[in-house]
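Asks: Below is one structure. I have some questions about it.
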Amino acid sequence: MRRLCIGLTGGIGSGKSTVAELFRELGASIIDTDAISHELTRPNGKAIPDILSAFGAGFIDASGALDRSKMRGTIIADASARQRLERILHPMILAACKERLQEPAPYHMLVAPLLLESPDFLKLADRVLLIDSTEENQVSRVMQRSPLSESEVRAIMVLQLPREERARRADDIIGNDGTLEELKPRVAALHRRYANLATTI
Ligand code: ADP
């Protein structure tokens, strides 16, 4: 059975996880590609053997998990390493997403930072919802959340589509430059729209 799938995207630190959590509270089924990727690369995760043979033991930490900060540094600097990692992870993430999309739910929300850059994932989405915020807010929110430096955050942002291009390609946009309280009614209004839409497909 086909179920409505909303692709949720936005730059790093734009507020995707925060907004997804609000949709989850209202009843949407959230499929988070970052969470799936973490699962695949945890100790003894399904992707670890392939990462080991493609990148070597230096990228696996003592617990048997992917050394995330080392890999981040490598793929920021090296496009071919980035592609090698994507060739391992993307098919596995895609398969997990397709499986989850079969589960019953009012509608699904596929949270993917690189949705607009990844045609295989974009194909799964009926509509694209963009979480939009200024680059200044992105940088300061990520730096509050994680130990990344401003230059590391900006290096990741350079790998993502420019803000205007994302906005041009989205069907719906939630602006997230205000307070968390301001987000709630925007999410509630879209949730009603999506729940209605789900009854028509
Ligand atoms: P993403 O998933 O897009 O990387 P997050 O949802 O994790 O972004 O948000 C990044 C950080 O900013 C988190 O610590 C989150 O709590 C915080 N944040 C998100 N939206 C707001 C907001 N409107 N006001 C203040 N902090 C916010």
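The values are calculated or read from the model by the stated rules, or taken from the named source; none is laboratory data. Owing to the predicted nature of the structure, the values given are computational and were not obtained by experimental measurement. All Cβ positions, glycine included, derive from the backbone under ideal geometry; neighbour counts span all protein chains shown. Remember, those area values only see protein heavy atoms, side chains included, never the ligands or the DNA or RNA. Shrake-Rupley method; radii C 1.70, N 1.55, O 1.52, S 1.80 Å.
Asks: State yes or no: is GLU164 surrounded by fewer than 17 Cβ atoms within 10 Å (Cβ to Cβ), part of a helix (DSSP H, G or I) and more than 16 Å from the ligand (Cβ to nearest atom)?
Replies: yes
Asks: What helices (runs of 4 or more DSSP H) completely inside region 1-90 contain at least 1 residues that are closer than 30 Å to GLY178 by Cα and within 16 Å of the ligand (Cβ to nearest atom)?
Replies: 16-26, 33-40, 68-77
Asks: Scan (1) at pLDDT 95 or above; (2) not assigned by TED's automatic domain parsing to the domain that holds PRO162 for the single condition VAL19 breaks and write down its number.
Replies: Unmet condition: (2).
Asks: It is to be established whether one or more residues within region 138-147 are under 23 Å from ILE30 (Cα atoms), in the same structural domain as ALA54 (by TED's automatic domain parsing) and at pLDDT 95 or above.
Replies: No: zero hits.
Asks: For region 118-148, enumerate the residues that are outside any strand (DSSP E or B), closer than 19 Å to LEU4 by Cα and open to solvent by 30 Å² or more (accessible area, probe 1.4 Å).
Replies: Across region 118-148, the qualifying residues are PRO119, ASP120, LEU122, LYS123, LEU124, ASP126.
Asks: Still on this structure, please answer the following. Answer yes or no: is there a residue in region 99-107 that is surrounded by fewer than 15 Cβ atoms within 10 Å (Cβ to Cβ) and not acidic (Asp, Glu).
Replies: Yes - at least one qualifying residue is present in region 99-107.
Asks: Being more than 20 Å from HIS108 (Cβ to Cβ) and touching a residue at least 12 places away in the same chain (Cβ under 8 Å) is the filter here; which residues of region 15-53 pass it?
Replies: THR41, ARG42, PRO43, ASN44, GLY45, LYS46, ALA47, ILE48, ASP50, ILE51
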